[in-house]
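Peer 1: This is the structure, below, for whatever I ask next.
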Amino acid sequence: MAELIYTPDSDADSISSDVAQYNGILVTTQIPTNLEGDITEQSESMLQALKEALEGAGSGMDRVMHLTIYLTDMADRPAFNEVYQRFFSKPWPVRAAVGVAALAYPEMRVEVTAMAAKR
């Protein structure tokens, strides 16, 4: 049986792991590290946090297979996509963008869950 491995979030108060790992597949959820900014700034800080989490677990953005993107305003999708294209390239990961009423913090506009393969 394959072992489940959880990498704790660096925030001591977090009730979520940073990365969960199973049989070479990694799953992580990331939020913006800059909640003060607009959708572009929040997306940049969040995708940078995703990059760092994956690299720390032995993967990378080029190994992402699936993303679920949560947006509090679907009108923010084009701005998110501009940032997304700076972090990802073809072949694009499978993805879904979901509009939600709210996220963990009132000022939070975006969150992402990713599934990636280890190197």
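The values are calculated or read from the model by the stated rules, or taken from the named source; none is laboratory data. Remember, it's a predicted structure, so these values are computed and weren't measured experimentally. Because the Cβ atoms are built from the backbone with ideal geometry, glycine has one as well, and the counts that use them run over all protein chains shown.
Peer 1: I want to confirm something. Restricting to segment 67-76 and keeping residues that are buried (at least 16 other Cβ atoms within 10 Å of the Cβ) and of a type outside the set (Ser, Thr, Tyr), which single residue is farthest from residue 93 (Cα to Cα)?
Peer 2: 76
Peer 1: Within segment 62-95, count every residue that is of a type in the set (A, V, I, L, M) and touching a residue at least 40 places away in the same chain (Cβ under 8 Å).
Peer 2: 6
Peer 1: Which strands (runs of 3 or more DSSP E) sit wholly inside segment 42-119 and have at least 1 residues that are modelled with pLDDT of 95 or more and over 22 Å from residue 8 (Cα atoms)?
Peer 2: Answer list for segment 42-119: 64-71, 94-99.
Peer 1: Here's another thing I want to ask about it. Residue pairs, Cβ under 7 Å, 6 or more apart or interchain, first in segment 15-36 and at negative phi and at pLDDT 75 or above, second assigned to a loop (DSSP other than H, G, I, E, B) and of a type in the set (D, E, K, R). List them.
Peer 2: Sorted first by the residue in segment 15-36, then by its partner, the pairs are 26/118; 35/107.
Peer 1: Filter segment 55-93 for residues that are small (Gly, Ala, Ser) and more than 17 Å from residue 19 (Cα to Cα) and give the result.
Peer 2: Across segment 55-93, the qualifying residues are 75, 79, 89.
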